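Heads up: the structure comes next, in structure tokens.
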Amino acid sequence: MTLPLRLPAPWPADRLAEARAVIANVAHHSDHLIRLACNVLVSHGETAGERKDARALLLVIDARRPIRQAQREGNREVGQ
């Protein structure tokens, strides 16, 4: 009995394309979605440069988190 020939699944390439699209239009996406896209590229990026750039952007997004949290808390205090 011969096993059928298995071709690589197309979904990894699709996820990489989606992650690249999110990164290309970073101003129009949430930090959460950008973080997901960066994690995909860090893990599965095709080149070392792409993975390095994704790690750098991930650091920037993570560094912004305390600022946004403080802004939200400040807005709550003003509204009370």
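Read the figures in this text as sums done on the coordinates, not as results from a lab. In this text the structure is predicted, and so the values were computed from the model without any measurement. As a convention, Cβ positions derive from the backbone with ideal geometry for all residues, glycine included, and neighbour counts pool all protein chains shown.
Scanning region 19-30 for residues that are charged (D, E, K, R) and either under 9 Å from Leu57 (Cβ atoms) or loosely packed, with under 14 Cβ neighbours inside 10 Å (or both) yields a total of 0. Mind listing just one residue for me: the one in region 15-52 that is of a type in the set (S, T, N, Q) and under 10 Å from the mean Cα position of the chain (by Cα) and, of those, nearest to Arg65 (Cα to Cα)? Here the answer is Ser30.
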